[in-house]
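Since the structure comes first, as C-alpha cells, the remarks are kept for the end.
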Amino acid sequence: MGASIVAALAALSGVGITTLTQGLRDRSGLRRAARERDRRLVADLLAAVRAHRAQQYLKIADRREGVADSREARAERYAARSAMFDALDDVVLLIADAEVVAAAQVAVDAAVAIGDLPNTVPDYEIELAAAGGRAREAHTHLRQTAASNI
C-alpha cells in the first residue's frame with residue numbers, strides 16, 4: 001500500500017509540475033502577444049501622425065501657391081486628423097507604459113501644432129520650421145521610447 005501511495009504522489013506531482021510549466025508558458029505567451037500588440041499600436045500611431053503632418057504640409061503648400069482650400073482637401077485633412085486621434089486613443093487605453101503614452105501625446109500635439117500655426121504670425125516661416133522640427137523630434141522620441149520600453 002505504501003508503494004501505491006508513493007506512486008500516486010509521484011503521479012500527482014508530475015501533473016502539478018506539468019500544469020505549472022504550462023501556466024508559465026501561457027503567461028509568457030500572453031506577455032509576448034501584449035508586447036506585439038503594443039508595438040503595432042505605436043507603429044499605427046506613428047503612421048497616422050506622419051499622414052496628418054503630410055496633410056498639413058499640403059495645406060501650407062497650397063496656401064503658398066494661392067490654391068483655394070476645397071471641401072475635399074478639408075475632408076482629407078479631417079480624416080487624417082481623426083485617424084491620428086483614433087490611434088492615440090488606442091495607445092492611451094491599451095498601453096500601460098506611462099512613458100510611451102506621454103511620448104505619444106507629445107508627438108500628436110506637435111503634429112497638430114504645425115497645422116494650428118496661423119500664417120499671419122510674424123516670422124511665419126521660421127515658426128513653421130521650428131514647429132516641424134519639434135514634430136520630427138517628438139516622432140523620433142516616441143519611436144525610441146516605444147522601442148526601449150515595449
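The values are calculated or read from the model by the stated rules, or taken from the named source; none is laboratory data. Predicted model, so just to flag it, every value in this text is computed and none were measured. Ideal geometry is used to build each Cβ from the backbone, glycine not excepted, and the neighbour counts take in all protein chains shown. Surface accessibility is based on the protein's heavy atoms, side chains included, excluding ligands, DNA and RNA. Shrake-Rupley method; radii C 1.70, N 1.55, O 1.52, S 1.80 Å.
Here is how the numbers come out for the structure above:
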| quantity | calculated |
| --- | --- |
| Length gained when the stretch Ala34-Ala61 is fully extended (0.36 nm per residue, less Cα-Cα span) | 5.7 nm |
| Alpha carbon centroid spacing (whole Å) that separates region 23-85 from region 87-150 | 11 |
| Hull shadow area, averaged, region 46-127 [alpha-carbon convex hull, nm²] | 5.9 |
| Solvent-accessible ranking of Tyr124, Tyr57, largest area first, probe 1.4 Å | Tyr57, Tyr124 |
| GluC sites (Glu not before Pro) within region 64-95, DSSP loop, no more than 13 other Cβ atoms inside 10 Å | Glu65 |
| Accessible area, probe 1.4 Å, largest first, for residues Thr140, Thr145 | Thr140, Thr145 |
| Farthest toward positive dipole pole in region 31-129 [+1 Lys/Arg, -1 Asp/Glu at C-beta], among Ala104, Ala61, Pro122 | Ala104 |
| Accessible area (Å², 1.4 Å probe, nearest 10) - Asp97 | 40 |
